[in-house]
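One structure is given below, encoded as C-alpha coordinates.
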Amino acid sequence: MTAQRGAANLPEIAVARLYKEDLVTRHTGRAVRLSIEGLVSEAEGQSLTVLDFRDVNVIDFSCADEIVAKLMLRTMAPATLGREHFFLFRGIGDHHLDPVESALRRRGLVVPAETPGGEPFLIGDVEPQALRVWEVLCRDGRGCAEALAPRLGMDEGDCGRLLRTMHDRRLIRRDGKDYLSLFHTFTQAGGASRASRRADGEETHAGRQ
Amino acid sequence: MSRVIEVPETLDHKGFEQLVAGLNRSAEIGGERLVFNARHVRWTSPYGLIGLLAVGRVARDRTGLAPRIEAPDSRDVRRYWDRMDFWHVAHQVYDLEPVSTRAHGASDALLEITAIQSHHDVHAVVERVRERAAAILENRLHYPKPSVIHFSVMLSEVCQNIIEHAEADGWVCAQTYHYRERLGRDVLMLAVGDVGIGFEGSLAAEHARRHGEGWSAAAALEAALLHGESRFRDPGRGQGLQAIRRQVGKWDGMLGIRSGNAMIALVPEWETIPPLQRGLEGFPGAQILVVMPARPEGEGRR
(Lines give C-alpha, C1' and ligand atoms only; values in the text may rest on other atoms or scores of the structure.)
Protein backbone atom coordinates (compact mmCIF):
# COMPACT_ATOMS: atom_id res chain seq x y z
CA MET A 1 0.00 0.00 0.00
CA THR A 2 1.32 3.42 -0.83
CA ALA A 3 0.25 6.74 0.53
CA GLN A 4 1.16 10.31 -0.10
CA ARG A 5 0.12 13.60 1.38
CA GLY A 6 -1.16 15.54 -1.56
CA ALA A 7 -0.88 19.12 -2.59
CA ALA A 8 -3.15 21.73 -1.04
CA ASN A 9 -6.81 20.57 -0.91
CA LEU A 10 -5.87 17.04 -1.91
CA PRO A 11 -6.44 14.25 0.58
CA GLU A 12 -3.85 11.73 1.55
CA ILE A 13 -4.04 9.03 -1.15
CA ALA A 14 -3.42 5.33 -0.56
CA VAL A 15 -3.65 2.40 -2.97
CA ALA A 16 -4.21 -1.09 -1.58
CA ARG A 17 -4.07 -3.99 -3.98
CA LEU A 18 -5.84 -7.09 -2.70
CA TYR A 19 -3.53 -9.91 -3.68
CA LYS A 20 -5.58 -12.76 -2.29
CA GLU A 21 -7.08 -14.75 -5.14
CA ASP A 22 -9.88 -16.12 -2.95
CA LEU A 23 -11.45 -13.62 -0.59
CA VAL A 24 -13.60 -16.13 1.23
CA THR A 25 -14.79 -16.50 4.83
CA ARG A 26 -15.77 -13.84 7.32
CA HIS A 27 -12.53 -14.46 9.20
CA THR A 28 -10.42 -13.50 6.17
CA GLY A 29 -12.60 -10.50 5.45
CA ARG A 30 -12.21 -9.25 8.99
CA ALA A 31 -8.41 -9.57 8.78
CA VAL A 32 -8.30 -7.65 5.50
CA ARG A 33 -10.58 -4.93 6.84
CA LEU A 34 -8.57 -4.51 10.04
CA SER A 35 -5.43 -4.18 7.95
CA ILE A 36 -7.00 -1.44 5.86
CA GLU A 37 -8.55 0.31 8.86
CA GLY A 38 -5.14 0.34 10.53
CA LEU A 39 -3.66 2.15 7.56
CA VAL A 40 -6.54 4.57 7.24
CA SER A 41 -6.42 5.45 10.95
CA GLU A 42 -2.92 6.85 10.46
CA ALA A 43 -4.19 9.48 8.05
CA GLU A 44 -4.69 12.97 9.37
CA GLY A 45 -7.36 15.14 7.79
CA GLN A 46 -8.88 13.74 4.61
CA SER A 47 -7.82 10.47 3.02
CA LEU A 48 -8.79 8.56 -0.11
CA THR A 49 -8.04 4.84 -0.13
CA VAL A 50 -8.28 2.95 -3.41
CA LEU A 51 -8.93 -0.78 -3.06
CA ASP A 52 -7.90 -2.68 -6.16
CA PHE A 53 -9.79 -5.94 -6.79
CA ARG A 54 -8.15 -6.89 -10.09
CA ASP A 55 -6.34 -9.90 -8.59
CA VAL A 56 -9.36 -11.18 -6.69
CA ASN A 57 -10.84 -14.24 -8.35
CA VAL A 58 -13.57 -15.09 -5.83
CA ILE A 59 -15.21 -12.97 -3.14
CA ASP A 60 -18.01 -14.53 -1.15
CA PHE A 61 -20.92 -12.79 0.55
CA SER A 62 -19.47 -12.98 4.04
CA CYS A 63 -16.14 -11.55 2.97
CA ALA A 64 -17.81 -8.79 0.96
CA ASP A 65 -19.82 -7.83 4.03
CA GLU A 66 -16.74 -7.75 6.25
CA ILE A 67 -14.54 -5.80 3.84
CA VAL A 68 -16.66 -3.52 1.69
CA ALA A 69 -19.84 -3.00 3.72
CA LYS A 70 -18.23 -2.66 7.14
CA LEU A 71 -15.46 -0.39 5.85
CA MET A 72 -18.08 1.95 4.43
CA LEU A 73 -20.27 1.71 7.51
CA ARG A 74 -17.44 2.83 9.78
CA THR A 75 -16.24 5.45 7.33
CA MET A 76 -19.62 7.17 7.34
CA ALA A 77 -19.41 8.01 11.02
CA PRO A 78 -19.43 11.82 11.43
CA ALA A 79 -16.00 13.37 10.83
CA THR A 80 -14.01 14.01 14.00
CA LEU A 81 -11.01 16.34 14.25
CA GLY A 82 -11.42 17.14 10.56
CA ARG A 83 -10.82 13.51 9.60
CA GLU A 84 -12.79 12.23 6.63
CA HIS A 85 -12.07 8.96 4.89
CA PHE A 86 -13.17 8.02 1.39
CA PHE A 87 -12.88 4.74 -0.51
CA LEU A 88 -12.79 3.87 -4.19
CA PHE A 89 -13.15 0.27 -5.37
CA ARG A 90 -11.27 -0.46 -8.60
CA GLY A 91 -11.24 -3.50 -10.85
CA ILE A 92 -14.75 -4.61 -9.86
CA GLY A 93 -15.77 -7.25 -12.38
CA ASP A 94 -19.06 -9.05 -12.91
CA HIS A 95 -17.86 -11.90 -10.70
CA HIS A 96 -17.45 -9.53 -7.71
CA LEU A 97 -20.65 -7.65 -8.22
CA ASP A 98 -23.34 -9.90 -6.74
CA PRO A 99 -21.68 -10.44 -3.32
CA VAL A 100 -20.53 -6.81 -3.02
CA GLU A 101 -23.87 -5.35 -4.08
CA SER A 102 -25.84 -7.72 -1.88
CA ALA A 103 -23.72 -6.84 1.17
CA LEU A 104 -24.12 -3.11 0.56
CA ARG A 105 -27.86 -3.20 -0.11
CA ARG A 106 -28.56 -5.11 3.10
CA ARG A 107 -27.07 -2.20 5.00
CA GLY A 108 -28.44 0.56 2.75
CA LEU A 109 -24.94 1.52 1.62
CA VAL A 110 -23.43 2.55 -1.70
CA VAL A 111 -19.83 2.79 -2.89
CA PRO A 112 -18.08 4.41 -5.87
CA ALA A 113 -16.43 1.79 -8.06
CA GLU A 114 -14.68 1.31 -11.37
CA THR A 115 -14.89 -1.63 -13.77
CA PRO A 116 -11.66 -3.36 -14.87
CA GLY A 117 -11.99 -1.24 -18.03
CA GLY A 118 -12.01 2.00 -16.02
CA GLU A 119 -15.74 2.83 -16.22
CA PRO A 120 -17.02 4.51 -13.02
CA PHE A 121 -20.24 3.28 -11.47
CA LEU A 122 -22.02 3.09 -8.13
CA ILE A 123 -22.70 -0.21 -6.37
CA GLY A 124 -25.50 -0.45 -3.83
CA ASP A 125 -28.48 1.48 -2.67
CA VAL A 126 -28.78 4.84 -4.45
CA GLU A 127 -31.75 6.92 -5.59
CA PRO A 128 -31.97 7.55 -9.37
CA GLN A 129 -31.77 11.36 -9.04
CA ALA A 130 -28.60 11.12 -6.97
CA LEU A 131 -27.12 8.78 -9.55
CA ARG A 132 -27.74 11.36 -12.30
CA VAL A 133 -25.97 14.07 -10.31
CA TRP A 134 -23.10 11.74 -9.48
CA GLU A 135 -22.61 10.77 -13.13
CA VAL A 136 -22.40 14.39 -14.25
CA LEU A 137 -19.99 15.20 -11.44
CA CYS A 138 -17.85 12.23 -12.48
CA ARG A 139 -17.63 13.56 -16.04
CA ASP A 140 -16.94 17.16 -14.97
CA GLY A 141 -14.67 16.37 -12.03
CA ARG A 142 -16.13 19.11 -9.85
CA GLY A 143 -19.23 21.27 -9.60
CA CYS A 144 -21.76 22.99 -7.35
CA ALA A 145 -25.54 22.85 -7.02
CA GLU A 146 -25.93 26.24 -8.70
CA ALA A 147 -24.18 25.04 -11.87
CA LEU A 148 -25.40 21.45 -11.92
CA ALA A 149 -29.11 21.97 -11.22
CA PRO A 150 -30.06 23.75 -14.51
CA ARG A 151 -28.10 21.22 -16.57
CA LEU A 152 -30.03 18.40 -14.96
CA GLY A 153 -33.38 20.20 -15.06
CA MET A 154 -33.47 20.07 -11.28
CA ASP A 155 -34.40 22.48 -8.53
CA GLU A 156 -31.19 23.96 -7.07
CA GLY A 157 -32.29 23.16 -3.52
CA ASP A 158 -32.95 19.53 -4.44
CA CYS A 159 -29.61 19.29 -6.22
CA GLY A 160 -27.84 20.76 -3.17
CA ARG A 161 -29.58 18.28 -0.90
CA LEU A 162 -28.51 15.38 -3.11
CA LEU A 163 -24.91 16.61 -3.15
CA ARG A 164 -24.85 16.96 0.63
CA THR A 165 -26.29 13.47 1.06
CA MET A 166 -23.73 12.00 -1.35
CA HIS A 167 -20.98 13.73 0.58
CA ASP A 168 -22.33 12.30 3.84
CA ARG A 169 -22.32 8.89 2.18
CA ARG A 170 -18.67 9.45 1.17
CA LEU A 171 -19.40 9.27 -2.56
CA ILE A 172 -17.96 12.72 -3.29
CA ARG A 173 -15.65 15.20 -1.55
CA ARG A 174 -16.50 18.77 -0.62
CA ASP A 175 -14.33 21.82 -1.14
CA GLY A 176 -16.17 24.99 -0.07
CA LYS A 177 -19.39 25.18 -2.09
CA ASP A 178 -17.94 22.83 -4.73
CA TYR A 179 -18.16 19.07 -4.73
CA LEU A 180 -15.51 16.82 -6.27
CA SER A 181 -15.60 13.39 -7.84
CA LEU A 182 -13.30 10.89 -6.11
CA PHE A 183 -12.06 9.72 -9.51
CA HIS A 184 -11.09 13.29 -10.34
CA THR A 185 -9.28 13.56 -7.01
CA PHE A 186 -7.41 10.33 -7.64
CA THR A 187 -6.37 11.40 -11.12
CA GLN A 188 -5.28 14.82 -9.87
CA ALA A 189 -3.06 13.12 -7.32
CA GLY A 190 -1.49 11.01 -10.09
CA GLY A 191 -2.69 7.97 -8.16
CA ALA A 192 -2.89 5.50 -11.00
CA SER A 193 0.85 5.58 -11.57
CA ARG A 194 1.71 4.77 -7.98
CA ALA A 195 3.10 1.43 -6.90
CA SER A 196 0.86 -0.54 -4.60
CA ARG A 197 1.30 -2.77 -1.63
CA ARG A 198 -0.61 -5.80 -0.50
CA ALA A 199 -3.48 -5.47 1.91
CA ASP A 200 -4.51 -9.04 2.45
CA GLY A 201 -4.74 -9.20 6.19
CA GLU A 202 -1.28 -10.65 6.57
CA GLU A 203 0.38 -7.30 7.15
CA THR A 204 -1.77 -5.85 9.83
CA HIS A 205 0.99 -3.52 10.99
CA ALA A 206 1.99 -2.23 7.58
CA GLY A 207 2.65 1.49 7.70
CA ARG A 208 2.39 4.23 5.19
CA GLN A 209 5.32 4.98 2.92
CA MET B 1 -22.54 -56.42 23.70
CA SER B 2 -23.29 -54.73 20.41
CA ARG B 3 -26.39 -53.82 18.48
CA VAL B 4 -26.60 -53.85 14.68
CA ILE B 5 -28.11 -51.07 12.60
CA GLU B 6 -28.75 -51.96 8.98
CA VAL B 7 -27.58 -49.39 6.44
CA PRO B 8 -30.14 -49.19 3.57
CA GLU B 9 -29.23 -50.59 0.16
CA THR B 10 -29.69 -47.17 -1.37
CA LEU B 11 -27.92 -44.68 0.84
CA ASP B 12 -29.20 -41.34 -0.40
CA HIS B 13 -31.34 -38.68 1.30
CA LYS B 14 -34.19 -41.15 1.68
CA GLY B 15 -31.85 -43.87 2.93
CA PHE B 16 -30.47 -41.42 5.44
CA GLU B 17 -33.94 -41.09 7.00
CA GLN B 18 -34.06 -44.88 7.49
CA LEU B 19 -30.60 -44.80 8.99
CA VAL B 20 -31.58 -42.08 11.46
CA ALA B 21 -34.71 -44.02 12.43
CA GLY B 22 -32.56 -47.10 13.06
CA LEU B 23 -30.15 -45.08 15.12
CA ASN B 24 -32.88 -43.46 17.22
CA ARG B 25 -34.42 -46.87 17.96
CA SER B 26 -31.11 -48.49 18.87
CA ALA B 27 -29.43 -45.69 20.75
CA GLU B 28 -32.34 -45.51 23.20
CA ILE B 29 -31.10 -48.71 24.75
CA GLY B 30 -27.65 -47.22 25.49
CA GLY B 31 -24.55 -48.82 26.87
CA GLU B 32 -24.11 -51.04 23.83
CA ARG B 33 -21.66 -50.54 21.01
CA LEU B 34 -23.47 -49.93 17.74
CA VAL B 35 -22.45 -51.68 14.55
CA PHE B 36 -23.52 -50.21 11.20
CA ASN B 37 -23.93 -53.03 8.73
CA ALA B 38 -23.28 -51.54 5.30
CA ARG B 39 -22.62 -54.90 3.59
CA HIS B 40 -25.80 -54.71 1.50
CA VAL B 41 -25.33 -51.15 0.30
CA ARG B 42 -25.65 -51.01 -3.49
CA TRP B 43 -25.64 -47.28 -4.15
CA THR B 44 -24.45 -44.26 -2.20
CA SER B 45 -24.83 -40.56 -2.82
CA PRO B 46 -22.57 -37.85 -1.35
CA TYR B 47 -25.42 -36.96 1.03
CA GLY B 48 -25.59 -40.61 2.11
CA LEU B 49 -21.87 -40.74 2.83
CA ILE B 50 -21.92 -37.54 4.84
CA GLY B 51 -25.01 -38.89 6.60
CA LEU B 52 -23.18 -42.09 7.52
CA LEU B 53 -20.46 -40.04 9.19
CA ALA B 54 -23.04 -37.95 11.00
CA VAL B 55 -24.99 -40.93 12.40
CA GLY B 56 -21.68 -42.51 13.44
CA ARG B 57 -20.72 -39.38 15.36
CA VAL B 58 -24.12 -39.18 17.04
CA ALA B 59 -23.98 -42.88 17.90
CA ARG B 60 -20.62 -42.32 19.56
CA ASP B 61 -21.91 -39.31 21.49
CA ARG B 62 -25.02 -41.15 22.68
CA THR B 63 -23.43 -44.47 23.67
CA GLY B 64 -20.00 -43.22 24.68
CA LEU B 65 -18.49 -45.88 22.42
CA ALA B 66 -17.10 -45.46 18.93
CA PRO B 67 -19.37 -47.49 16.64
CA ARG B 68 -18.12 -50.11 14.21
CA ILE B 69 -18.97 -50.36 10.55
CA GLU B 70 -19.12 -53.35 8.20
CA ALA B 71 -17.82 -52.39 4.74
CA PRO B 72 -20.05 -52.95 1.68
CA ASP B 73 -19.79 -56.27 -0.14
CA SER B 74 -20.13 -54.56 -3.50
CA ARG B 75 -16.77 -53.88 -5.05
CA ASP B 76 -18.14 -50.87 -6.92
CA VAL B 77 -19.50 -49.32 -3.74
CA ARG B 78 -16.24 -49.99 -1.89
CA ARG B 79 -14.30 -48.36 -4.70
CA TYR B 80 -16.58 -45.37 -4.60
CA TRP B 81 -16.15 -45.00 -0.85
CA ASP B 82 -12.39 -45.25 -1.33
CA ARG B 83 -12.41 -42.61 -4.05
CA MET B 84 -14.38 -40.28 -1.80
CA ASP B 85 -11.85 -40.80 1.03
CA PHE B 86 -14.60 -42.08 3.27
CA TRP B 87 -12.36 -44.30 5.37
CA HIS B 88 -9.86 -41.57 6.17
CA VAL B 89 -12.54 -39.35 7.63
CA ALA B 90 -14.52 -42.28 9.10
CA HIS B 91 -11.46 -43.11 11.18
CA GLN B 92 -12.26 -40.05 13.32
CA VAL B 93 -15.79 -41.34 13.90
CA TYR B 94 -15.82 -45.13 13.78
CA ASP B 95 -13.76 -47.76 15.55
CA LEU B 96 -11.55 -48.76 12.61
CA GLU B 97 -8.11 -50.16 11.96
CA PRO B 98 -5.69 -47.28 11.31
CA VAL B 99 -5.77 -46.06 7.73
CA SER B 100 -2.29 -44.88 6.82
CA THR B 101 -2.26 -44.04 3.13
CA ARG B 102 -4.82 -43.29 0.49
CA ALA B 103 -5.51 -46.56 -1.27
CA HIS B 104 -6.84 -45.10 -4.50
CA GLY B 105 -5.09 -43.24 -7.26
CA ALA B 106 -6.21 -39.92 -8.66
CA SER B 107 -9.84 -39.41 -7.68
CA ASP B 108 -12.51 -38.40 -10.16
CA ALA B 109 -14.58 -36.82 -7.38
CA LEU B 110 -15.14 -33.11 -7.54
CA LEU B 111 -14.44 -32.92 -3.84
CA GLU B 112 -13.61 -35.88 -1.61
CA ILE B 113 -15.09 -35.94 1.87
CA THR B 114 -13.36 -33.19 3.79
CA ALA B 115 -13.74 -32.27 7.44
CA ILE B 116 -14.60 -28.62 8.05
CA GLN B 117 -13.31 -27.34 11.35
CA SER B 118 -12.01 -23.84 10.65
CA HIS B 119 -11.85 -21.12 8.03
CA HIS B 120 -8.57 -22.67 6.83
CA ASP B 121 -10.54 -25.74 5.73
CA VAL B 122 -12.94 -23.52 3.77
CA HIS B 123 -10.04 -21.87 1.95
CA ALA B 124 -8.57 -25.30 1.24
CA VAL B 125 -11.75 -26.71 -0.33
CA VAL B 126 -12.33 -23.61 -2.45
CA GLU B 127 -8.77 -23.85 -3.74
CA ARG B 128 -8.98 -27.60 -4.25
CA VAL B 129 -12.12 -27.60 -6.37
CA ARG B 130 -11.09 -24.77 -8.68
CA GLU B 131 -9.61 -26.80 -11.55
CA ARG B 132 -11.89 -29.79 -11.19
CA ALA B 133 -14.96 -27.58 -10.97
CA ALA B 134 -13.99 -25.78 -14.15
CA ALA B 135 -13.67 -29.07 -16.01
CA ILE B 136 -16.87 -30.58 -14.64
CA LEU B 137 -19.15 -27.54 -14.79
CA GLU B 138 -18.10 -26.43 -18.25
CA ASN B 139 -17.45 -29.72 -20.02
CA ARG B 140 -19.85 -32.10 -18.36
CA LEU B 141 -22.70 -29.92 -17.18
CA HIS B 142 -22.34 -27.30 -19.96
CA TYR B 143 -22.50 -24.38 -17.53
CA PRO B 144 -21.08 -20.98 -18.54
CA LYS B 145 -17.58 -20.06 -17.40
CA PRO B 146 -18.60 -17.78 -14.46
CA SER B 147 -20.45 -20.69 -12.86
CA VAL B 148 -17.11 -21.92 -11.47
CA ILE B 149 -16.91 -18.75 -9.41
CA HIS B 150 -20.55 -19.02 -8.37
CA PHE B 151 -19.96 -22.60 -7.32
CA SER B 152 -16.89 -21.59 -5.28
CA VAL B 153 -18.90 -18.89 -3.52
CA MET B 154 -21.68 -21.36 -2.76
CA LEU B 155 -19.20 -23.91 -1.45
CA SER B 156 -17.59 -21.31 0.77
CA GLU B 157 -20.88 -20.09 2.21
CA VAL B 158 -22.29 -23.54 2.82
CA CYS B 159 -19.10 -24.63 4.62
CA GLN B 160 -19.02 -21.45 6.69
CA ASN B 161 -22.48 -22.31 7.88
CA ILE B 162 -20.83 -25.12 9.85
CA ILE B 163 -18.18 -22.89 11.40
CA GLU B 164 -20.44 -19.95 12.16
CA HIS B 165 -23.60 -21.70 13.30
CA ALA B 166 -23.12 -25.39 14.08
CA GLU B 167 -20.64 -25.09 16.96
CA ALA B 168 -19.43 -28.52 15.87
CA ASP B 169 -17.33 -30.14 13.17
CA GLY B 170 -18.83 -31.01 9.85
CA TRP B 171 -18.03 -32.53 6.48
CA VAL B 172 -18.45 -31.66 2.82
CA CYS B 173 -18.14 -33.59 -0.45
CA ALA B 174 -19.26 -33.27 -4.07
CA GLN B 175 -19.58 -35.67 -6.99
CA THR B 176 -21.22 -35.88 -10.39
CA TYR B 177 -23.65 -38.58 -11.50
CA HIS B 178 -25.81 -39.55 -14.37
CA TYR B 179 -29.24 -38.99 -12.83
CA ARG B 180 -31.12 -41.41 -15.00
CA GLU B 181 -34.13 -41.89 -12.74
CA ARG B 182 -35.33 -38.30 -12.65
CA LEU B 183 -33.69 -36.36 -15.40
CA GLY B 184 -31.79 -38.55 -17.82
CA ARG B 185 -29.00 -36.02 -17.39
CA ASP B 186 -25.78 -35.60 -15.42
CA VAL B 187 -26.01 -33.79 -12.11
CA LEU B 188 -23.57 -32.42 -9.62
CA MET B 189 -24.39 -33.23 -6.00
CA LEU B 190 -22.94 -31.24 -3.15
CA ALA B 191 -23.51 -32.49 0.38
CA VAL B 192 -22.64 -30.79 3.64
CA GLY B 193 -23.45 -32.00 7.12
CA ASP B 194 -22.74 -31.42 10.77
CA VAL B 195 -24.07 -32.68 14.09
CA GLY B 196 -24.14 -29.33 15.87
CA ILE B 197 -26.92 -27.28 17.39
CA GLY B 198 -28.99 -27.10 14.20
CA PHE B 199 -31.04 -24.18 12.87
CA GLU B 200 -33.56 -24.30 15.70
CA GLY B 201 -30.81 -24.06 18.32
CA SER B 202 -28.82 -21.49 16.40
CA LEU B 203 -31.71 -19.08 15.86
CA ALA B 204 -33.57 -19.69 19.12
CA ALA B 205 -32.08 -16.91 21.24
CA GLU B 206 -32.92 -14.25 18.67
CA HIS B 207 -36.18 -15.51 17.16
CA ALA B 208 -37.90 -18.14 19.33
CA ARG B 209 -39.77 -15.66 21.55
CA ARG B 210 -41.36 -13.94 18.57
CA HIS B 211 -42.69 -17.26 17.26
CA GLY B 212 -43.95 -18.36 20.68
CA GLU B 213 -45.30 -21.90 20.68
CA GLY B 214 -44.91 -22.05 16.91
CA TRP B 215 -41.14 -22.15 17.24
CA SER B 216 -39.79 -25.38 15.78
CA ALA B 217 -37.11 -26.77 13.51
CA ALA B 218 -39.39 -26.08 10.52
CA ALA B 219 -39.98 -22.47 11.63
CA ALA B 220 -36.24 -21.96 12.05
CA LEU B 221 -35.53 -23.35 8.58
CA GLU B 222 -38.17 -21.09 7.04
CA ALA B 223 -36.78 -18.08 8.89
CA ALA B 224 -33.26 -18.76 7.67
CA LEU B 225 -33.90 -19.84 4.09
CA LEU B 226 -36.96 -17.81 3.15
CA HIS B 227 -36.44 -14.67 5.24
CA GLY B 228 -32.64 -14.51 5.59
CA GLU B 229 -32.76 -14.43 9.36
CA SER B 230 -29.71 -15.26 11.38
CA ARG B 231 -28.67 -15.79 14.99
CA PHE B 232 -27.03 -12.36 14.88
CA ARG B 233 -28.81 -9.01 14.94
CA ASP B 234 -26.31 -7.69 12.42
CA PRO B 235 -28.19 -7.11 9.11
CA GLY B 236 -25.09 -8.24 7.20
CA ARG B 237 -25.61 -11.78 8.46
CA GLY B 238 -27.79 -14.41 6.87
CA GLN B 239 -26.84 -13.53 3.31
CA GLY B 240 -25.10 -16.82 2.57
CA LEU B 241 -28.15 -19.07 2.47
CA GLN B 242 -30.14 -16.46 0.57
CA ALA B 243 -27.41 -16.30 -2.04
CA ILE B 244 -27.25 -20.09 -2.32
CA ARG B 245 -31.01 -20.23 -2.76
CA ARG B 246 -30.92 -17.63 -5.56
CA GLN B 247 -28.02 -19.34 -7.32
CA VAL B 248 -29.50 -22.84 -7.13
CA GLY B 249 -32.75 -21.41 -8.51
CA LYS B 250 -30.91 -19.91 -11.48
CA TRP B 251 -29.40 -23.32 -12.20
CA ASP B 252 -32.82 -25.03 -11.97
CA GLY B 253 -31.29 -27.01 -9.14
CA MET B 254 -32.57 -28.53 -5.94
CA LEU B 255 -31.62 -27.32 -2.47
CA GLY B 256 -32.62 -29.29 0.60
CA ILE B 257 -31.79 -28.43 4.20
CA ARG B 258 -32.59 -30.91 6.94
CA SER B 259 -32.31 -29.88 10.56
CA GLY B 260 -33.84 -31.29 13.72
CA ASN B 261 -37.04 -33.04 12.64
CA ALA B 262 -37.72 -30.95 9.51
CA MET B 263 -36.50 -30.49 5.98
CA ILE B 264 -37.04 -27.48 3.75
CA ALA B 265 -36.38 -27.60 0.03
CA LEU B 266 -36.22 -25.43 -3.04
CA VAL B 267 -37.91 -27.78 -5.46
CA PRO B 268 -37.47 -27.60 -9.25
CA GLU B 269 -40.04 -29.09 -11.62
CA TRP B 270 -38.06 -32.28 -12.10
CA GLU B 271 -37.97 -33.10 -8.37
CA THR B 272 -40.84 -34.45 -6.27
CA ILE B 273 -39.56 -33.85 -2.76
CA PRO B 274 -42.03 -31.79 -0.64
CA PRO B 275 -41.01 -28.16 -0.06
CA LEU B 276 -41.36 -28.58 3.70
CA GLN B 277 -41.40 -31.74 5.76
CA ARG B 278 -42.17 -31.75 9.47
CA GLY B 279 -42.17 -34.64 11.92
CA LEU B 280 -39.10 -36.41 10.55
CA GLU B 281 -36.93 -38.39 12.93
CA GLY B 282 -35.05 -35.98 15.19
CA PHE B 283 -31.37 -35.64 14.39
CA PRO B 284 -28.78 -33.08 15.50
CA GLY B 285 -27.18 -30.43 13.33
CA ALA B 286 -27.92 -29.59 9.72
CA GLN B 287 -27.57 -31.61 6.54
CA ILE B 288 -27.58 -29.77 3.23
CA LEU B 289 -28.01 -31.19 -0.26
CA VAL B 290 -27.56 -29.26 -3.49
CA VAL B 291 -28.27 -30.91 -6.85
CA MET B 292 -27.23 -29.03 -9.98
CA PRO B 293 -28.47 -30.57 -13.23
CA ALA B 294 -26.61 -30.42 -16.55
CA ARG B 295 -28.05 -27.96 -19.02
CA PRO B 296 -30.12 -29.71 -21.67
CA GLU B 297 -28.26 -30.38 -24.92
CA GLY B 298 -28.56 -27.51 -27.32
CA GLU B 299 -29.18 -24.87 -24.66
CA GLY B 300 -25.60 -23.70 -25.06
CA ARG B 301 -23.27 -21.90 -22.70
CA ARG B 302 -24.28 -18.38 -22.14
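Here B:GLU167 meets the list (1) surrounded by fewer than 23 Cβ atoms within 10 Å (Cβ to Cβ); (2) over 22 Å from A:ASP65 (Cα atoms); (3) more than 10 Å from chain A (Cβ to nearest Cβ) almost entirely, failing just condition (2).
Please state which of the following conditions B:GLY201 fails to meet, knowing it meets all the rest: (1) surrounded by 20 or more Cβ atoms within 10 Å (Cβ to Cβ); (2) closer than 26 Å to B:PHE86 by Cα. Tallying (1) surrounded by 20 or more Cβ atoms within 10 Å (Cβ to Cβ); (2) closer than 26 Å to B:PHE86 by Cα, B:GLY201 fails exactly one: (2).
For (1) hydroxyl-bearing (Ser, Thr, Tyr); (2) at pLDDT below 95; (3) under 16 Å from the mean Cα position of the chain (by Cα), each residue gets a yes or a no:
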| residue | (1), (2), (3) |
| --- | --- |
| A:PHE121 | no, no, yes |
| A:VAL126 | no, yes, yes |
| A:ARG132 | no, no, no |
| A:GLU156 | no, no, no |
| A:MET166 | no, no, yes |
| A:ARG174 | no, yes, yes |
| A:LYS177 | no, yes, no |
| A:ALA189 | no, yes, yes |
| A:SER193 | yes, yes, no |
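Only residues that are among the small types (Gly, Ala, Ser), closer than 20 Å to A:ARG169 by Cα and either within 13 Å of another protein chain (Cβ to nearest Cβ) or surrounded by fewer than 20 Cβ atoms within 10 Å (Cβ to Cβ) (or both) were counted in region A:105-123, giving 1.
Does A:SER102 count as within 11 Å of chain B (Cβ to nearest Cβ), buried (at least 23 other Cβ atoms within 10 Å of the Cβ) and not hydrophobic (A, V, I, L, M, F, W, C)?
no
The single residue among B:ARG182, B:ARG209, B:ARG246, B:ARG231 that is surrounded by fewer than 17 Cβ atoms within 10 Å (Cβ to Cβ) and within 14 Å of chain A (Cβ to nearest Cβ) turns out to be B:ARG246. Identification of helices (runs of 4 or more DSSP H) wholly contained in region A:126-184 with 3 or more residues that are touching a residue at least 40 places away in the same chain (Cβ under 8 Å) yields A:128-140. Can you name every one of the strands (runs of 3 or more DSSP E) wholly within region B:98-213 that holds 1 or more residues which are under 18 Å from B:VAL290 (Cβ atoms), free of Cβ contacts under 8 Å to residues at least 12 places away in the same chain and not hydrophobic (A, V, I, L, M, F, W, C)? Where strands (runs of 3 or more DSSP E) fall fully within region B:98-213 and carry at least 1 residues being under 18 Å from B:VAL290 (Cβ atoms), free of Cβ contacts under 8 Å to residues at least 12 places away in the same chain and not hydrophobic (A, V, I, L, M, F, W, C), they are B:170-179.
Looking across region A:34-68, the residues that are within 12 Å of another protein chain (Cβ to nearest Cβ) and among the charged types (D, E, K, R) come down to A:ASP60, A:ASP65, A:GLU66. Residues in region B:11-35 that are in contact with a helix residue (DSSP H, G or I) (Cβ under 8 Å, 6 or more places away or on another chain), outside any helix (DSSP H, G or I) and free of Cβ contacts under 8 Å to residues at least 40 places away in the same chain: B:ASP12, B:GLY30, B:GLY31, B:GLU32, B:LEU34. Selection over region A:29-70 of residues that are under 20 Å from B:HIS119 (Cα atoms), out of contact with any helix residue (DSSP H, G or I) (no Cβ under 8 Å at 6 or more places or on another chain) and aliphatic (A, V, I, L, M) gives a count of 2. Only a single item in (1) surrounded by 15 or more Cβ atoms within 10 Å (Cβ to Cβ); (2) at pLDDT below 95 is not met by B:ILE29, and it is number (1). Considering region B:50-79, the residues that are buried (at least 20 other Cβ atoms within 10 Å of the Cβ) and over 16 Å from B:VAL20 (Cα atoms) include one that is farthest from the chain's Cα centre (by Cα), namely B:PRO72. When you look at B:ASP234, is it of a type in the set (Asp, Glu), touching a residue at least 60 places away in the same chain (Cβ under 8 Å), under 17 Å from B:GLN160 (Cβ atoms) and out of contact with any Pro (no Cβ under 6 Å at 6 or more places or on another chain), yes or no? Judged against the criteria, B:ASP234 is not a match. The set of residues in region B:110-139 being surrounded by fewer than 16 Cβ atoms within 10 Å (Cβ to Cβ) and within 14 Å of chain A (Cβ to nearest Cβ) consists of B:GLN117, B:SER118, B:HIS120, B:ALA124, B:GLU127, B:ARG128, B:GLU131.
The values are calculated or read from the model by the stated rules, or taken from the named source; none is laboratory data. All figures in this text were calculated on a predicted structure; none of them were measured in a lab. Positions of Cβ are generated from backbone atoms using ideal geometry, with glycine treated the same way; all protein chains shown enter the neighbour counts.
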